[in-house]
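The values are calculated or read from the model by the stated rules, or taken from the named source; none is laboratory data. What you are looking at is a predicted structure, and each value in this text was computed from that prediction instead of being measured. Cβ sites come from the backbone with ideal geometry, for glycine too, and all protein chains shown count toward neighbours. We work out accessible area using only protein heavy atoms, side chains counted, and drop any ligands, DNA or RNA first. Shrake-Rupley method; radii C 1.70, N 1.55, O 1.52, S 1.80 Å.
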Amino acid sequence: RRFDRSICIDLPDRKGRIKLLHILCHKNKMLRISEEMIQNLAERSIGMSPALMEGAVNTAIREAIRNNTEVTDAVVDEAFEKYNNGEEKPWNPSELLKTARHEAGHAFVCNYFGEAPSYLTIAARDNHGGYMMHSGAEDKGSFTKKELLQRIAVALGGRAAEIVYYGEEEGISTGASSDIETATSIAGRMICSFGMYSEIASGTVQRSEISDETAAAIDRTINKIIQEQLGQAVEIVRAHSKDMDRLVSALMEKTHLNRDEIQKVLNN
């Protein structure tokens, strides 16, 4: 008799990912990656299943075999990015500095609020020209209103950097479109799902269930939240311009920085 059953297994947490990476290193003697890289890969693999993580490592192994080398930190770092985000694409040199300032803006605001970014890159892949990754939310069960507002400020850190470096008119680019979507989504959930603005709504609210007047009030509040947090992000970037410049320079030199490298730049 045949039984078809689906079994749901939770994705590994950070400790589980570290353990898996150690197992993979033990299984294949070609792997010569440092403990620092293992820790960094564990931070950057949030949401990945064991199969996907092994696939990324196998990509590094194939790359090393192709080039007749060992799987070093540099090889596995590039393979991990290629596996998750595609081949690196040529990037317009005239846009590279603006991209570095944009991504550094995200990272700096994130670090300012006490959450060290785990990875920062301006290598263009797939549909993006770079990204900043932070992993502080993985073990959190809930967020306070203050923490969510900080998340919005971090999402708007790239736009803030553009404004500081290039001004309101010339600085604003399409590169922040997904950032604005993220910030707007968080603000909307704060109002409609989490009831953090009780003067408008409390509990879960669907747009189809509310009046036009309430919908307009929600939109106004979202816009107010976005503008306030963008203003805060601009103030943070502007007040620490020298630190920002150092981070941008480091990013331009190497194109990607891990957690320790970011901290070393910012703590100098």
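Legend: residues Val265, Val109, sorted from most to least accessible area (1.4 Å probe; ligands, DNA and RNA excluded), read Val265, Val109. Dividing the summed -39500 (n - 2.57) terms of all DSSP H runs of n ≥ 4 by the residue count of the chain sets its mean residue ellipticity at 222 nm at -20000 deg cm²/dmol.
Within the straight-line cut-off of under 20 Å between alpha carbons, the lysines reachable from Lys242 are Lys98, Lys254, Lys264, sequence neighbours fewer than 8 places apart in one chain being disregarded.
To the nearest ten degrees, helix 177-192 and the longest principal axis of the Cα atoms of the chain are 60 degrees apart. Across the chain, the relative contact order, built from alpha-carbon pairs under 8 Å that are at least six residues apart, equals 18 percent.
How far is helix 145-155 tilted, in degrees, relative to the longest principal axis of the Cα atoms in the chain, given as a value from 0 to 90 rounded to the nearest 10? Between helix and principal axis, roughly 70 degrees. Cα-based values for the stretch 12-167, radius of gyration first and Dmax second, are 17.2, 53 Å. For the stretch 41-99, GluC sites (Glu not before Pro) meeting the loop criterion (DSSP other than H, G, I, E, B) and having at most 16 other Cβ atoms within 10 Å: Glu70, Glu87. The Cα atoms of the chain give a gyration tensor whose axes a ≥ b ≥ c have a/c of 1.5 or more with a/b no greater than b/c, which makes the shape oblate. A simple packing score, the average count of other Cβ atoms within 10 Å per residue, orders the peptides 222-232, 182-192 as 182-192, 222-232, with the highest score first. Here the extension length gained between His22 and Ala216 equals 64.6 nm, from 0.36 nm per residue of separation less the Cα-Cα distance. GNM remark for the chain: springs join alpha carbons under 10 Å apart, and the peak mean-square fluctuation among His134, His106, His22 falls on His22.
Looking at the stretch 78-158, the trypsin sites (Lys or Arg not before Pro) that sit in a DSSP loop and have at most 13 other Cβ atoms within 10 Å of their own Cβ are Lys140. One decimal place: the segment Leu97-Thr69 gains 6.8 nm when fully extended, by the rule 0.36 nm per residue minus the C-alpha distance.
Once the chain from Arg238 to Ala51 is taken as fully extended at 0.36 nm per residue, the excess over their C-alpha distance is 63.0 nm. Helix 93-112 and the longest principal axis of the Cα set of the chain meet at an angle near 80°.
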